[in-house]
Amino acid sequence: MFHPGALQENFSAEVRLELKIHGQILPLAKTGPGYGFLKQKIDLEAGAGVLSMVIDGRIYEWDVFVKPGTTPMDGKVHFHVARSNKVDQWPTIAPLAPD
């Protein structure tokens, strides 16, 4: 039997993914271990950045290094995680305290 209240308990109202790099904040459509897809397909140079995930107001961030090769053709960004609170798990880390 369907319970409308159960649906509210099992989903997140706000989910936002962003890549902060080269002084820009780039929205991501989705991400996984070692990759992400930009919402806007752009040519992106390699470099250090921050992968940010906000789930219902809780902020999770990872220092990442974006690998060369992101082009406007596919928008796929390849990176490796340089630092997180739990490097052996993806994406479970402790949330940052709100400002």
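Distance between the pseudo-spin-label points of E45 and A82 (7 Å out from Cα toward the beta carbon): 1.5 nm. The modelled label-to-label distance for the pair A13/T71, using points 7 Å beyond Cα in the direction of Cβ, is 4.3 nm.
A simple rule links phi to the HN-Hα coupling: the Karplus curve 6.51 cos²θ - 1.76 cosθ + 1.60 with θ = phi - 60°, which for region 45-61 gives 6, 5, x, 7, x, 10, 8, 10, 10, 10, 10, 6, x, 8, 9, 10, 9 Hz, with x for Gly and Pro.
Amide H to amide H, with H built 1.01 Å from N, L28 comes under 5 Å of L17, E18, L19, K39, counting only residues 5 or more places away or on other chains.
Only the coordinates and a few stated rules stand behind these numbers; no lab work does. Just so it is clear, the model here is predicted, and its values are computed rather than measured. Please note: Cβ atoms are built from the backbone with ideal geometry, for glycine as well, and neighbour counts cover all protein chains shown.
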